[in-house]
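Quick notes on the structure that follows.
The values are calculated or read from the model by the stated rules, or taken from the named source; none is laboratory data. Because the structure is predicted, anything quoted here is derived from the model rather than measured. Methodologically, a virtual Cβ is constructed for each residue, glycine included, from the backbone with ideal geometry; neighbour enumeration extends over all protein chains shown. For the accessible areas, the whole protein counts, side chains as well, though only heavy atoms, and no ligand, DNA or RNA atoms are used. Shrake-Rupley method; radii C 1.70, N 1.55, O 1.52, S 1.80 Å.
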Amino acid sequence: MLSFLSRAAAALTLAWCGLASASPLGATGPDSFGYAGVDIAYNQRSTGGTSAGVSCDDCISGAINLGFSFDFYGNSYTQAYISSNGFLSFSPGQSNGCCSSPGLPNPAGPNNMVAAYHDDLFPATSGGYVNYATLGAAGSREFVVSYGASYCCSGTASNLFQIVLHEGTDDIEFQYLAVGVRNQGGIGIENIDGTVGLQVANGVTQQLSRQGYLISNRNTVPEPGSLALAGAALLAAFAVRRRRA
C-alpha cells in the first residue's frame, strides 16, 4: 500500500507544484512484474547523436549497442532494435509495428518493447530524424533515442519525444517536447512474449507538451527534487483508502 500511496502523492505534488503539464499521463501500475509509472518533470536531453537508420516509413534498425547492460523484465540486454514507429525492442526479428499500437500486453507483437509513442510515424518528413546516443559516466549512463517525425506520411516533424534507458537503476524514462492529439498512439512496455505489460495509454487523446514520464520496478522513484512527497497529499491518499475500506 505504501508504494501506491507514494505514487499517488507524487502525482498530486507534481500538479500542485506546477511541475507537470496541464495534461499529465497519470500514475499507472504496477503490472504483475512490479513495473509502475508516474509523471515526472520535463528534462529533454540533446537530440544529437547517431542516426538509427530508420528515417523512412515503417522501418526497424539492426542491433544497436546500448553501451551498458540493461535489465528488463528479468532479462539483461546490451543491444536494442529501434523502430521508426516510436518504440524500441530488445528482441531481433520483431515487426516495425505499423500502423498503430494494439494495446499492451499483446502476444501478437511486436514484443519485448519500450514504446514512448507507438504510432504510424514518418521520420522521413521534413526535419525528421531518429537518433541515438549513450550519455554520461560509467555506472549512471543513459541510452537516449530521440524522435522527430510527422504522422504518416507528410507534413513536418511535429512529434518530438525521447526514450531514455538508465544504467544501474534500469529505469525507463519518456520525455515529450510535443506530441499531437491523434487518439491512436500507444505508450507503455511489454515483456519478451507479450504476456505481461504496463499500458500507460492506448489512444493518446491529449496534447503531450514539455512533460516527462518514468517507469520503474523499484519501490522508490528517482529524481527526488521533482517528486518530493507532500504531507497533505499523503494524508489525503490515506483518508481515501480508509473511507473505501
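Figures for the structure shown
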item	result
Residue in segment 1-16 that is crowded, with 19+ Cβ neighbours inside 10 Å, modelled with pLDDT under 95 and under 17 Å from the mean Cα position of the chain (by Cα) present	yes
Unmet requirement for residue 126, which otherwise passes all of (1) over 23 Å from residue 204 (Cα atoms); (2) under 18 Å from the mean Cα position of the chain (by Cα)	(2)
In segment 60-72, the residues that are open to solvent by less than 30 Å² (accessible area, probe 1.4 Å) and farther than 22 Å from residue 140 by Cβ	61
Of all residues in segment 124-176 being among the aliphatic types (A, V, I, L, M) and not in a strand (DSSP E or B), the one that is least open to solvent (accessible area, probe 1.4 Å)	157
Residues that are outside any strand (DSSP E or B), at negative phi and in contact (Cβ under 8 Å) with a residue 24 or more places away in the chain, drawn from segment 23-43	23, 24, 25, 30, 31, 32, 33, 35, 41, 42, 43
Selection count where residues are in a loop (DSSP other than H, G, I, E, B), within 22 Å of residue 127 (Cα to Cα) and out of contact with any Gly (no Cβ under 7 Å at 6 or more places or on another chain), scope segment 56-85	5
Among the residues listed as 103, 93, the single one being open to solvent by 20 Å² or more (accessible area, probe 1.4 Å) and not hydroxyl-bearing (Ser, Thr, Tyr)	93
Residue 180 being within 23 Å of residue 40 (Cβ to Cβ), in contact with a strand residue (DSSP E or B) (Cβ under 7 Å, 6 or more places away or on another chain) and open to solvent by 50 Å² or more (accessible area, probe 1.4 Å)	no
